[in-house]
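Participant: Have a look at this one before I ask anything.
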Amino acid sequence: MTPTIRPTIAEDAESIWQILAPVIAAGDTYALPRDWNREQALGYWLAPEKQCFVAELEGCIAGTYYLKANQAGGGAHVANCGYMTAGWAAGRGVARAMCAHSLDAARAAGFRAMQFNLVVSTNRRAIGLWQQMGFETVGLLPGAFQHPEQGDVDALVMYRRL
């Protein structure tokens, strides 16, 4: 079953929090404070400068992503996204569907490229998916991420033209 992706509405906040909370608390894929509460996490994810979407699978919100300009001014033509999938939906094509949707949404918004600024090198599943979706590693940031179990690990900068 392919997820349905739609813009976020106010009533989605609790479902989004249920996805964000364990990912943020784990601290192994996002450079966000692991002790963020609901208000802080939702404030970050749903910030006004971001377009936010949810992926529905079997009538439940299975994932969420945001789309924004990676930089202001001269870098505003490059998009940036963040994606999170509910634990129960892992391996069911949700992240792939959200990435494909985000590429289309970015093109429609006038972006000419997309960049992921900090892809944790131990997140092999995400790296493989981003490569399949046409992203290339354009930079290596040695020891740039403090992994809670593995210590300082490398991070990748990944990029693709739209």
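The values are calculated or read from the model by the stated rules, or taken from the named source; none is laboratory data. Bear in mind the structure is a predicted one, so any value in this text is a computation, not a measurement. Virtual Cβ from ideal backbone geometry, glycine too; neighbours counted across all protein chains shown. We work out accessible area using only protein heavy atoms, side chains counted, and drop any ligands, DNA or RNA first. Shrake-Rupley method; radii C 1.70, N 1.55, O 1.52, S 1.80 Å.
Participant: Are there strands (runs of 3 or more DSSP E) fully within region 54-162 with at least 3 residues that are among the small types (Gly, Ala, Ser)? List them.
Facilitator: Values: elements: 60-69, 78-85, 113-120, 136-147, 151-161.
Because the criterion is at least 3 residues that are among the small types (Gly, Ala, Ser), the strands (runs of 3 or more DSSP E) in region 54-162 that meet it are 60-69, 136-147.
Participant: Between a residue in region 1-12 that is surrounded by fewer than 10 Cβ atoms within 10 Å (Cβ to Cβ) and any residue that is in a loop (DSSP other than H, G, I, E, B), which pairs come within a Cβ distance under 7 Å, given they are 6 or more apart or on different chains?
Facilitator: Here the result reads MET1/GLU58, each pair linking region 1-12 to a residue that is in a loop (DSSP other than H, G, I, E, B).
Participant: On the given criteria, is ALA55 open to solvent by 10 Å² or more (accessible area, probe 1.4 Å), within 30 Å of GLN150 (Cβ to Cβ), touching a Pro at 6+ places or on another chain (Cβ under 8 Å) and of a type in the set (A, V, I, L, M)? Spell out how you get there, then give the answer.
Facilitator: Values: open to solvent by 10 Å² or more (accessible area, probe 1.4 Å): no; within 30 Å of GLN150 (Cβ to Cβ): yes; touching a Pro at 6+ places or on another chain (Cβ under 8 Å): yes; of a type in the set (A, V, I, L, M): yes.
No, not satisfied.
Participant: Pull out all pairs, ordered by first then second residue, where Cβ-Cβ is under 9 Å, the residues are six or more apart or on different chains, the first lies in region 79-92 and is modelled with pLDDT of 95 or more, and the second is among the aromatic types (Phe, Trp, Tyr) and part of a loop (DSSP other than H, G, I, E, B).
Facilitator: Pairs found: ALA79/PHE111; GLY82/TYR30; MET84/TYR30.
Participant: Can you pull out every residue in region 82-97 that is open to solvent by less than 40 Å² (accessible area, probe 1.4 Å) and more than 13 Å from ALA55 (Cβ to Cβ)?
Facilitator: Result: GLY82, single match.
Participant: Scan region 101-128 for residues that are of a type in the set (Val, Ile, Thr) and over 13 Å from the mean Cα position of the chain (by Cα) and jot them down. Spell out how you get there, then give the answer.
Facilitator: Step one: list which residues in region 101-128 are of a type in the set (Val, Ile, Thr), which gives 119-120, 122, 127.
THR122 - this is the single residue of region 101-128 that is of a type in the set (Val, Ile, Thr) and over 13 Å from the mean Cα position of the chain (by Cα).
Participant: Another question, if that's okay. Working only within region 100-137, note down all residues that are more than 26 Å from PRO7 (Cα to Cα), surrounded by 12 or more Cβ atoms within 10 Å (Cβ to Cβ) and not acidic (Asp, Glu).
Facilitator: Hits for region 100-137 are VAL120, SER121, THR122, ASN123, THR137.
Participant: Of all residues in region 66-84, count the ones that are in contact with a Ser or Thr (Cβ under 7 Å, 6 or more places away or on another chain) and more than 14 Å from ALA106 (Cβ to Cβ).
Facilitator: Here is the first cut: in region 66-84, the residues in contact with a Ser or Thr (Cβ under 7 Å, 6 or more places away or on another chain) are 67, 81, 84.
Filter once more, so that each one left must be more than 14 Å from ALA106 (Cβ to Cβ): 84.
So the count comes out to 1.
Participant: I would also like to ask the following. Just to verify a result, which residue in region 1-39, among those that are among the acidic types (Asp, Glu) and assigned to a loop (DSSP other than H, G, I, E, B), is farthest from ARG124 (Cα to Cα)?
Facilitator: ASP35
Participant: Of (1) under 15 Å from the mean Cα position of the chain (by Cα); (2) closer than 24 Å to ALA105 by Cβ; (3) not basic (Lys, Arg), ALA10 satisfies all except one. Which?
Facilitator: Exception for ALA10: condition (1).
Participant: Quick check on region 118-141. Is at least one of its residues within 19 Å of ARG161 (Cβ to Cβ), in contact with a Leu (Cβ under 7 Å, 6 or more places away or on another chain) and in contact (Cβ under 8 Å) with a residue 40 or more places away in the chain?
Facilitator: There is no residue in region 118-141 that is within 19 Å of ARG161 (Cβ to Cβ), in contact with a Leu (Cβ under 7 Å, 6 or more places away or on another chain) and in contact (Cβ under 8 Å) with a residue 40 or more places away in the chain.
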